Amino acid sequence: MQEQFRKYLIDTGFEPFRELAAALEGSAPSVGIRLNPRKPGAAVPEGARRVPWHPAAYLLPSRPDFTLDPAMHQGAYYVQDPSSMFVAEIFRQLLPDLPERPRVLDLCAAPGGKTTAVADLLPAGSLMVSNEYDFRRAEILKENIIKWGYPWSVVSRGDTARFRSLPGFFDLVIVDAPCSGEGMMRKDSKAAEQWSPALVAQCAALQEEILDNAAATLRPGGYLIYSTCTFNTDENERQTERLLASGAFEPVAISTDPAWNILAESPLHPSPFTLNSLRFLPGRIEGEGYTVAVLRKTEDAPSAAAAGRKQGKNGKEGSRKSSAASPKLPEAELLARVPASLHARLTTIREGEVAAIPEAIYAPFRELSRTLDIIHAGVTVAEIKGRDYLPTQSLAMLAPSAPSFPAFEVDKATALDYLRRQALSLPSEAPKGYLLLTYRPSAEASPLPLGFVKNLGNRANNLYPAPWRILKG
């Protein structure tokens, strides 16, 4: 830890920060997993303990080799810091005040932990939009959303300023903002090395811009969940106070159990600030540093429609229309691949890919596609190769999956070969043609989908996405 940062913590005069410095240097980072309720059966390691604020999450006694566990790639669980899982508890408390099928936006979403945590609680048919500015991180986000198997999802890539073109569109917006990373210093040495007051100031300016974009796309009466993995007030309370001072927002209290040791005060307390964030401090809780606050947009907040589009500092402004036109496709055959209960419609998002968009989100998807760079939506049911419509990993990961293809269960060694995208030789009893491989994440579990192959008899062509393949031997 830099001496400059240590001095900053002590100079605040905030007693919990004095203890924090020792915790950041003298304790190991926590390891947590959150189970997927749509894909039950993942094995929980011996010695794991429940995360206090999440009923389906566990603190692990040590970090296993997740890469070599097929269950993680099947979306049976998500590896996530226990502190950031608290977004699910916040959403659980807010859900009764939201519409029956809310529209939710995770504005800075990669790698997808908060999106998937909220999706677990959403009523079927609710729109879940996840956005990421960085190209590489957006592809990781897309992969994780697909693996989780929530079919009412949309993943977009680009500047948050684009959402200004959708005034009042969302009922709840999550902003887990890019930050100086103070809370990650236990697990990321780079975060400790790069910290400086200048970086804090730079991040605070970006956060202000992103929050203004979030405010514009949030409807009056809707909720904003703002979080960072930092401790300082410039990136936390001073951001939320600016919104409160505008008169367009009011503070929202979130209930916590005293046994959780979440800090409900800040270095600014007592202060004129009307909203003190919840702080997760290593040493007090088992998790990394995390600060979160909740605000509600007032019913009389001015409309953002007149704001128009705005050039943002975190990317290029402009809209890109999706190629969401109805393609000439074997519709009956492709729609039969997804559950009839989705009442899906076919469209194209990327060239050569066919997506089935559930009826419940089709109208908002069309509106979003006029503004956003959408890289995934609904269920990608086919990749077009010549005259073939290859089944996709998105289709395989759908939960619950549609019985459109014969399934064949494989053992762990074969599952790992599949995930390495190696050619496979399946037993003679395996059906020929397109085949959905499955794998049991634990002895007591039912098989879960792993992915598709085209079984030719003497060999099986592996259809696992090349960018997703695991490289570890």
(message) Using only the alpha-carbon atoms, what does segment 71-216 span along each of its principal axes? Please give whole angstrom values in decreasing order.
(response) 44, 40, 30
(message) Binning at 5 angstrom from zero up to the longest distance, how are the C-alpha pair distances of segment 371-473 distributed in percent?
(response) 2, 12, 22, 24, 21, 11, 4, 2, 1, 0, 0
(message) Let me cross-check residue 376: its accessible surface, 1.4 Å probe, with only protein heavy atoms counted, in Å² to the nearest 10?
(response) 10
(request) Could you work out the mean projected area of the convex hull around the alpha carbons of the chain, in square nanometres to one decimal? (result) 22.7
(request) Write out the GluC sites (Glu not before Pro) in segment 324-387 meeting two conditions: DSSP loop, and at most 13 other Cβ atoms within 10 Å of their Cβ. (result) 351
(message) If you consider only alpha-carbon coordinates, what radius of gyration and Dmax does segment 66-156 have, in Å?
(response) 12.9, 41
(message) Give me the base-10 log of I(q)/I(0) for segment 143-272 at each q in 0.13, 0.18, 0.19 Å⁻¹, Debye formula, one uniform scatterer per Cα, rounded to two decimals.
(response) -0.69, -1.22, -1.29
(message) Students sometimes get this wrong: rank 160, 12 by accessible area, probe 1.4 Å, all chains present, largest first.
(response) 12, 160
(request) Over segment 332-416, with every protein chain in place, what whole percent of the accessible area is carbon and sulfur at 1.4 Å, could you tell me? (result) 50
(request) Just need the relative contact order of segment 349-459 here, percent rounded to a whole number, with Cα pairs under 8 Å and 6+ apart. (result) 22
(message) From the phi angles alone, apply the Karplus equation (6.51, -1.76, 1.60; θ = phi - 60°) to segment 146-156 and give each ³J(HN,Hα) in whole Hz, x where the residue is Gly or Pro.
(response) 4, 4, 6, x, 8, x, 9, 9, 10, 10, 10
(message) Explain nothing, just the number: dipole magnitude of segment 319-473 about its Cα centre with +1 on each Lys and Arg Cβ and -1 on each Asp and Glu Cβ, in debye rounded to the nearest 20.
(response) 460
(request) Mind listing the long-range amide H neighbours of residue 381? Cut-off is under 5 Å, sequence gap 5 or more, other chains count too, H placed in the peptide plane at 1.01 Å from N. (result) 354, 355, 356
(request) For every helix of n ≥ 4 consecutive DSSP H residues, a contribution of -39,500 (n - 2.57) applies; sum these over the chain, divide by its total residues, and give [θ] at 222 nm rounded to the nearest 500 deg cm²/dmol. (result) -7000 deg cm²/dmol
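Sort segment 135-204 into rounded, prolate or oblate with this rule: let a ≥ b ≥ c be the square roots of the eigenvalues of the Cα gyration tensor; rounded if a/c is under 1.5, and if a/c is not under 1.5, prolate when a/b is larger than b/c, oblate otherwise. Before the final figure, lay out the partial values.
Numbers: a/c = 2.62, a/b = 1.51, b/c = 1.73.
Oblate, since a/c reaches 1.5 and b/c is not below a/b.
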(request) Run the numbers on segment 1-136 and let me know its relative contact order in percent, using alpha-carbon pairs under 8 Å that are six or more apart. (result) 20
(message) For the pair residue 234/residue 407, report the inter-label distance in nm, with labels modelled 7 Å from Cα in the Cβ direction.
(response) 5.4
(request) Please label the shape of segment 15-133 as rounded, prolate or oblate, based on the square roots a ≥ b ≥ c of the eigenvalues of the alpha-carbon gyration tensor (a/c under 1.5 means rounded; beyond that, a/b larger than b/c means prolate, else oblate). (result) oblate
(request) Would you kindly derive the ³J(HN,Hα) couplings of segment 443-452 from the backbone phi angles with the Karplus curve 6.51 cos²θ - 1.76 cosθ + 1.60 (θ = phi - 60°), listing them in order in whole Hz, with x for Gly and Pro? (result) 4, 8, 8, 7, x, 10, x, 10, x, 9
(message) Under a Cβ-only charge scheme (Lys and Arg +1, Asp and Glu -1), can you give me the dipole magnitude of the chain about the Cα centre, in debye to the nearest 20?
(response) 1520
(message) In segment 437-473, whose amide N lies under 18 Å from the spot 7 Å out along Cα-to-Cβ of residue 417? List them in ranges.
(response) 437-440, 450-465, 469-473
(message) If DNA, RNA and ligands are ignored and the probe is 1.4 Å, what is the ranking of 188, 212 by accessible area, most exposed first?
(response) 188, 212
(message) Can you give me the accessible area per residue for segment 230-289, using a 1.4 Å probe, in Å²?
(response) 41
(request) Using a 1.4 angstrom probe on the protein heavy atoms only, line up 180, 446 by accessible area, largest first. (result) 446, 180
(request) Tabulate in residue order the Karplus-calculated ³J(HN,Hα) for segment 114-119, using 6.51 cos²θ - 1.76 cosθ + 1.60 with θ = phi - 60°, rounded to whole Hz; enter x for Gly and Pro. (result) 6, 4, 5, 5, 6, 4
(request) With all distinct Cα pairs included, what does the Kirkwood hydrodynamic radius of segment 5-46 come out to in Å, to one decimal, could you say? (result) 13.5
(request) Leaving ligands, DNA and RNA out of it, work out the accessible area of residue 195 with a 1.4 Å probe and give it in Å² to the nearest 10. (result) 10
(request) Give me Rg over Rh for segment 194-252, both radii from the alpha carbons and Rh done the Kirkwood way, two decimal places. (result) 0.99
(request) Grab the other residues whose beta carbon is less than 9 angstrom from that of residue 228, score K and R as +1, D and E as -1, and report the net. (result) -3
(message) Taking the full set of protein chains and a 1.4 angstrom probe, give the accessible area of residue 234 in square angstrom, rounded to the nearest 10.
(response) 70
(message) Could you tell me how far the Cα centroid of segment 199-226 sits from the Cα centroid of segment 69-107, in Å?
(response) 20
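The values are calculated or read from the model by the stated rules, or taken from the named source; none is laboratory data. For clarity, every value in this text was computed on a predicted model and none was experimentally measured. Reconstructed Cβ throughout: ideal geometry from the backbone, glycine too, with neighbour counts over all protein chains shown. SASA here: full protein model, heavy atoms, side chains in, ligands and nucleic acids out. Shrake-Rupley method; radii C 1.70, N 1.55, O 1.52, S 1.80 Å.
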